[in-house]
Amino acid sequence: MFGFSKKEKIAPANVALPAQLYQASNLEFKDILAPSALKITPRSISLGDKMLRTFFVISYPRFLSEGWFAPIIDLDRVFDISIFFHPIDTATILRHFQKKVAEVESQISTREEKGLVRDPMLDTAYQDLENLRDQLQQAQEKLFDVGLYISVYGDNETELDKFESEIKTILESKLIYVKPALFQQEVGFRTMIPLGNDELAVNSKINSSTLSSVFPFISFDLTSDKGILYGINRHNSSLVLFDRFSLENYNSITFAKSGSGKSYATKLEILRSLMFDTSVIAIDPENEYEYLANATGGRFFNISLNSEHHINPFELPPILPDESPAEILRSNIINLVGLFRLMMGGLTPEEDAIVDRAISETYALKDITPESNFTNIEPPLLSDFELVLAGMEGGASLAQRLTKYTKGTWAGFLNNPSNVDMNKKFVVFSVRDMEDEMKPIAMYIITHYIWNSIRRDIKKRLLVIDEAWWMMRSEDTASFLMSLVKRGRKYYLGVATITQDVGDFLGSPYGVPIITNSSIQFLLKQSPTAIDKLQQTFNLTDEEKYLLLESGVGEGIFFAGLKHVALKVIASYTEDQIITSDPSQIFAIKKSKTELASSTKPQPSTNTT
């Protein structure tokens, strides 16, 4: 508050007027950005709580290879880089070149007259000058004065010295030499701040083709204008946004060792895909997707021998306009022969023919033939097939082998009409409680049922097959998975195959074809026993191989088409609470829910009358 007495009309000379005081106390934007203190020494600057040191490049080799600046750009440190390009007028530099070429020619001639041995350095310099002069005259090249400056940050002088030594070691191994800006740190600081002033002015002449190798933004990006967020590029922290349905096929494959975050990354993709109107179906061997299904309003089916959910393997898909009943029936019979081969532990060629004929006759009992329209006909059951098989010559022993699936302990799952409703955006089939011996059979039947459901209604879908190595153990299940991967695009389906057993997967003759038919591949942390196979299959460099061995949870290499980046999977807090597979975290969530429920439960009254 400012005021003046009635008697005092004019303020004394040493008293500021209110407007002057206001202007004096008014902060500008630069005052907000400026550090609280600045201390300048010959070798560094103390900038608030940090210290910095500025360097400049003084010498380059005769040749600069592409990507020579990459090791500096990709350092996991805090530092600044400024590069100044000052174009040089071609006419001016050509006049200078004419004089320089004449000088070099004169030195060569003088040595020849004196009978001295030819100097290779002079000969090389003459050839380089002539070549560059020709390119400048033909407008194939331009010449620039280039200043390259680096400022490093640290908490103390020791940290700066260590960082300086690291940068010098990297660059000097490439015959590039740097020096600190001694007694010019303040000038170097003003050069580094984004004002575009090259006050240090330590420049080297570089032609345009060589200059392209200095361009710093070499870390690869994999960002699209649509799609979901898969993670963060570990090299430059850019977002990896991608839409699998924009590629030539929509399939993906994920390899990772146990505990490296493969299911976590997959559930995160599912959660984000659901937001973009993609229907998702998952085959879950370990009940890892149950909470996600409940949280998103999906449907969870626990498939086991005692489950109330049943799938009839004889069920047929609807007949599409471009398909014939004979084609549908023939395809289903082929798949059923593969299923029975799996259920019976293998078939001889004679048994294979008997089973094929028995399946056709079983369908015929229900008036399902290649000439009929069987869209609304109730399909036969496994027990019907057993009766037909038992009445055929040579089929009695096969029928006996089927008894455990029709009358024994395993009858509940297979020998009943299907009662699984998939009319939800997210559907999960869990086989955790299924016996290990039955898991490949169950996954085959479930996958076949899903395939028939997909053919009924074509829309954007993602089928997730977790722990796919179960299906790769048998030739029939692996072959069916391969057919899904190949045919899925026709029905707008992407198949996401996930496995931790690289040996079983790549050991199958269908393993590599599934990989080559998957436009997206995601390699997470690997074990030393599997890394050599992966390196050979994916043509990984040694650096990429060691990156996979040393990656943390949720880190790896993401391939999309011909492009790939080092990726780190990032989830928000809310997403993490929904998709986490960490047992300790799940236990903590359940405990907090239990405590919350008990605290909100009405307590009995303790009042007495």
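If V117 satisfies all but one of (1) outside the structural domain of K50 (by TED's automatic domain parsing); (2) among the hydrophobic types (A, V, I, L, M, F, W, C); (3) surrounded by 10 or more Cβ atoms within 10 Å (Cβ to Cβ), what's the number of the condition it fails?
(3)
Just to be sure, is S360 out of contact with any strand residue (DSSP E or B) (no Cβ under 7 Å at 6 or more places or on another chain) and either among the β-branched types (V, I, T) or within 27 Å of I454 (Cα to Cα) (or both)?
Yes; evaluated as a whole, the condition is true for this residue.
Within the stretch 408-430, restricting attention to residues that are among the β-branched types (V, I, T) and part of a loop (DSSP other than H, G, I, E, B), which residue is nearest to the chain's Cα centre (by Cα)?
V420
So in the stretch 237-266, with the set limited to residues that are over 26 Å from K490 (Cα atoms) and without any contact (Cβ under 8 Å) to a residue 60 or more places away in the chain, which one is surrounded by the fewest Cβ atoms within 10 Å (Cβ to Cβ)?
Per the criteria, the residue is S237.
Quickly run through the stretch 356-387 and pick out the residues that are of a type in the set (V, I, T) and at pLDDT below 90.
I368, T369, T375, I377, listed by residue number.
Of the residues in the stretch 242-269, how many are farther than 13 Å from Q521 by Cα and within 14 Å of the chain's Cα centre (by Cα)?
Total meeting the criteria: 8.
Which one of these is over 40 Å from the mean Cα position of the chain (by Cα), loosely packed, with under 12 Cβ neighbours inside 10 Å and not assigned by TED's automatic domain parsing to the domain that holds T191: R111, R133, R95?
None of the others qualify; the one that does is R95.
Right, F385: surrounded by 15 or more Cβ atoms within 10 Å (Cβ to Cβ) and either in contact with an Asp or Glu (Cβ under 8 Å, 6 or more places away or on another chain) or hydroxyl-bearing (S, T, Y) (or both) or not?
Considered against the rule, which asks whether it is surrounded by 15 or more Cβ atoms within 10 Å (Cβ to Cβ) and either in contact with an Asp or Glu (Cβ under 8 Å, 6 or more places away or on another chain) or hydroxyl-bearing (S, T, Y) (or both), F385 comes out as no.
Given the criterion modelled with pLDDT under 85, within 23 Å of K267 (Cβ to Cβ), touching a helix residue (DSSP H, G or I) at 6+ places or on another chain (Cβ under 9 Å) and assigned by TED's automatic domain parsing to the domain that holds P440, identify the matching residue among D582, D476.
D582
If we scan the stretch 550-569, do we find a residue that is surrounded by fewer than 17 Cβ atoms within 10 Å (Cβ to Cβ), part of a helix (DSSP H, G or I) and either of a type in the set (D, E) or modelled with pLDDT of 85 or more (or both)?
Checked the stretch 550-569: at least one residue is surrounded by fewer than 17 Cβ atoms within 10 Å (Cβ to Cβ), part of a helix (DSSP H, G or I) and either of a type in the set (D, E) or modelled with pLDDT of 85 or more (or both).
Condition check ((1) surrounded by 12 or more Cβ atoms within 10 Å (Cβ to Cβ); (2) in a helix (DSSP H, G or I); (3) modelled with pLDDT under 85) across all residues:
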site	(1), (2), (3)
A13	no, no, yes
P42	no, no, no
I81	yes, no, no
F84	yes, no, no
A91	no, yes, yes
K99	no, yes, yes
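Here are V512, V495, V502: which of them is closer than 17 Å to L481 by Cβ, aliphatic (A, V, I, L, M), in contact (Cβ under 8 Å) with a residue 12 or more places away in the chain and surrounded by fewer than 20 Cβ atoms within 10 Å (Cβ to Cβ)?
Just a single option satisfies the conditions, and that option is V512.
What is the number of the single condition among (1) of a type outside the set (K, R); (2) touching a helix residue (DSSP H, G or I) at 6+ places or on another chain (Cβ under 8 Å); (3) not in a helix (DSSP H, G or I) that I270 does not meet?
Tallying (1) of a type outside the set (K, R); (2) touching a helix residue (DSSP H, G or I) at 6+ places or on another chain (Cβ under 8 Å); (3) not in a helix (DSSP H, G or I), I270 fails exactly one: (3).
Could you say whether any residue in the stretch 403-413 is surrounded by 15 or more Cβ atoms within 10 Å (Cβ to Cβ), touching a residue at least 60 places away in the same chain (Cβ under 8 Å), of a type in the set (A, V, I, L, M, F, W, C) and at negative phi?
yes
Across the stretch 366-376, which residue is surrounded by the fewest Cβ atoms within 10 Å (Cβ to Cβ) among those that are under 21 Å from H448 (Cβ atoms) and without any contact (Cβ under 8 Å) to a residue 40 or more places away in the chain?
Residue satisfying both the conditions and the ranking: N376.
The values are calculated or read from the model by the stated rules, or taken from the named source; none is laboratory data. All values reported here derive from a predicted model rather than from experimental measurement. Methodologically, a virtual Cβ is constructed for each residue, glycine included, from the backbone with ideal geometry; neighbour enumeration extends over all protein chains shown.
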